[in-house]
Amino acid sequence: MQLVEQGKALSNAGDFEGALNIFRNIYIMASANPENNLLIMSSACVEMGSIYIKLGDLQQAIGMYENAVDGYSKFPGMERQLEMFYETLGDLYQDINMPNIAAEVYELSLSNKKFVFPPNDQIYIQMYKKLGIVYEQLNDLEKSLSYHKSSMEAVKTLCGPDHYQTALSYKDVGIILIKQERFKEALEYLDKAAKIVEKACGDKDLELVAIWELITRIYQSMNKRKEALELAFKCIEARKALAGDQCFELCFSYQRLGNVYFSMNENQLALEAHQKALQIKLLHVQPDSPNLTPNYYNLAIAYERLHKFDEAYKNHMICLDLNVKAYGPNDPEVYTCYNRIGTMHRRNNEGSKAVESYTKALNIAELAQNKYYIAACQKKIGKAYFFSGQQNKAIEFITKAYSLRREILGENDPKVASCLLYLSRAYSRSASYQSALDSITKCLQIRVKNFGEDHPKTAEAYYELGHIYQDVHNEKLALETYAKALPGKISLHGEESSEVADIYNQMGMCHDILQERKLALEYYDKSIKIRIKLFGPEASCVADSYNNIGVVYYGELDHKKALEYFRKAFFIKLKNFGYKDSFVGKIYDIMSHQLADVGNVLAHFQYIKTTYHIYRKLGSSNLISQYKENLREIEPKLTVCYASKSDV
């Protein structure tokens, strides 16, 4: 006993080496008769473990605590010691970033606590919270949610439903629900949290601002853009009032504002908000700090959306340079930068450059033997090939990603379903419709199992399945499938979103092909009203809707009405893209035929001539010869027919 007290005194005085020598000697002497001295040996391991923690040698600390719990677990009635040491061991595994083992030992700590403490003891609050955090890291969001809710109930029992600590528990639950995309439920918990904190502290509280920022994120996801924008500005003003207009946290509020503007497609305002965020952060960190990476990345995204790809590339390269200098060329952060550069090239229709960047990321993942990252890169390379029209290469790489994800995540993981979704798209583009159907059916089964029928992820799979049914000319099944996609799309994006407008547009097409033209016009009308409201009357997608309506009237042989809508589509496309666009040429061609059908030969000739010149600019040789022949056929008719110039 005297040696133990001497060792503890040395440790408290900061003489860690001296303390370690004493406890090592105790352990060595006790190990001469381990059967009788196992508790002494285990106790010495605990003391040495605590000293190694103070020294920052976490691996040695883990070894000591593993020995200790192994010894204590051989004796009955040691639950009090075991619950403490298992919890410490879990903390250590968390500190060295091994959440999977941390979860196991935290569970052992919890099971031992239940032998020692009554059900409503406050000791459970922190344990439940730690388990919630570790399962969140492991992406087991259901378990995480369950433990955060258990922590919340324990806090409510101890402190009452309107206590500040209860509000923080509501916040924890809300964060997990956001990650699960259960936005309505998340909003309920965060609203409760905000009301409690505001009542307790007034509207000038940092925790309240953090909750508002989470609610802003929910409003974005629910397409409540006006509410999101108002709350984003409210957060900025609150942070300024609390800590001044140059406080570090304010940069995150401006980032949130920029993201709200992104969701509104206000990309210039988003750029300005993200520039402000960077300006504030530079007041607090060195200009070569890798902590600036998110800010430069946001600027890159803003420039991408403004079609300023040179500026976007410049900011992506700043991110890459910061991370290479800080962490080396093969760090996960560098891996992320190459992936982001690849995605920029893909969005700019630079397929080969996208593949090149993704391959650099893949090399880093392979060097680290990180199967999770390898699969992610394989999928991205597949997507790059998909969008550049190389479907065989797309299928090759996405199949590799699919196989690897099945191996490491299991058959029914949502990320496996994501690979199947893109496989179905690649198979569909290459006209392998049965393979496309097989892939999307498996994807749908996984998503229904994980998320339920009305979840946005399930809706995405139903939407893709509807497209495939259209490809194989089964419009009735397509309509049924699109109807199943609607609830999930509406729950995520709201009634008046571009995603819902797209579904209405596809349903209109199906009804048109089935010659149910009244229904086709109804769905096209729903679609175009949403698109005009969201994007304005001169957006390209609005032109697509006008074109589709024109097709319906053409099918009804109402050529004047058809021509009216084709002209609307044409002038929007012309304004957005100019003559050098294949869609403009296509509409010109359709209008030329409409004018022929209504007997206006001169206008028909002039439209055919313009179409011919458009395709000459585009270099479409097969179409050039076709329209040249059309012009030769029409020219003789011009000598006997007259038309008003106002029809042109």
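Considering only residues that are under 23 Å from T166 (Cα atoms) and among the small types (G, A, S), look in region 95-149 and name the one that is farthest from the chain's Cα centre (by Cα).
Ranking the qualifying residues of region 95-149, first place goes to S146.
Would you check if Y469 is open to solvent by 30 Å² or more (accessible area, probe 1.4 Å), assigned to a helix (DSSP H, G or I) and within 28 Å of K224 (Cα to Cα)?
no
List pairs: first in region 95-117 and buried (at least 20 other Cβ atoms within 10 Å of the Cβ), second of a type in the set (G, A, S), Cβ under 8 Å, 6+ apart or cross-chain?
A102/G90; A103/G90; V105/G90; Y106/G90; S109/G90
Assuming V448 fulfils every condition listed in (1) in a helix (DSSP H, G or I); (2) touching a residue at least 40 places away in the same chain (Cβ under 8 Å); (3) not charged (D, E, K, R) apart from one, which condition is it?
(2)
Would you mind listing the helices (runs of 4 or more DSSP H) fully within region 140-228 where at least 3 residues are of a type in the set (G, A, S) and either surrounded by 17 or more Cβ atoms within 10 Å (Cβ to Cβ) or on the phi < 0 side of the Ramachandran plot (or both)? Even if it seems obvious, please write down each step before you answer.
Numbers: elements: 141-159, 164-179, 183-201, 206-221.
It comes to 141-159, 164-179, 183-201.
Return the only residue of F386, F397 being buried (at least 19 other Cβ atoms within 10 Å of the Cβ) and at pLDDT below 95.
Just a single option satisfies the conditions, and that option is F386.
Specify which of the listed residues (G18, G63, G49, G77) is in a helix (DSSP H, G or I), under 27 Å from Y106 (Cβ atoms) and without any contact (Cβ under 8 Å) to a residue 24 or more places away in the chain.
On inspection, the qualifying residue turns out to be G63.
Which condition breaks for R405 when tested against (1) closer than 27 Å to Q470 by Cα; (2) open to solvent by 10 Å² or more (accessible area, probe 1.4 Å); (3) in contact with a Lys or Arg (Cβ under 9 Å, 6 or more places away or on another chain)?
Exception for R405: condition (1).
Checking the structure you have, find out if any residue of region 496-507 is out of contact with any Leu (no Cβ under 9 Å at 6 or more places or on another chain), surrounded by fewer than 18 Cβ atoms within 10 Å (Cβ to Cβ), touching a residue at least 12 places away in the same chain (Cβ under 8 Å) and at negative phi.
No.
Counting only residues that are assigned to a helix (DSSP H, G or I) and free of Cβ contacts under 8 Å to residues at least 40 places away in the same chain, which one in region 452-464 is most open to solvent (accessible area, probe 1.4 Å)?
Step by step, filter region 452-464, then rank; the result is E460.
Regarding region 508-521, can at least one residue be identified that is surrounded by 16 or more Cβ atoms within 10 Å (Cβ to Cβ), within 28 Å of the chain's Cα centre (by Cα) and in a helix (DSSP H, G or I)?
no
Which residues, taken from region 260-283, are hydroxyl-bearing (S, T, Y) and buried (at least 22 other Cβ atoms within 10 Å of the Cβ)?
Scanning region 260-283 gives a single hit, Y261.
Out of I133, I53, I123, I62, report the one residue that is open to solvent by 30 Å² or more (accessible area, probe 1.4 Å) and closer than 30 Å to I28 by Cβ.
I53
Show the residue pairs that are 6+ apart or on different chains and have beta-carbon atoms under 6 Å apart, the first residue being within region 508-535 and more than 30 Å from Y261 (Cβ to Cβ), the second being of a type in the set (A, V, I, L, M, F, W, C) and open to solvent by 60 Å² or more (accessible area, probe 1.4 Å).
Hits for this filter: H511/L519.
In this structure, is L362 over 23 Å from the mean Cα position of the chain (by Cα), surrounded by 21 or more Cβ atoms within 10 Å (Cβ to Cβ) and over 27 Å from E181 (Cβ atoms)?
The answer is no for L362.
The values are calculated or read from the model by the stated rules, or taken from the named source; none is laboratory data. Remember, predicted model here, so these are calculated numbers, not experimental data. Neighbour counts run over all protein chains shown; Cβ positions are idealised from the backbone, glycine included. Note: areas computed on protein heavy atoms with side chains; ligands, DNA, RNA excluded. Shrake-Rupley method; radii C 1.70, N 1.55, O 1.52, S 1.80 Å.
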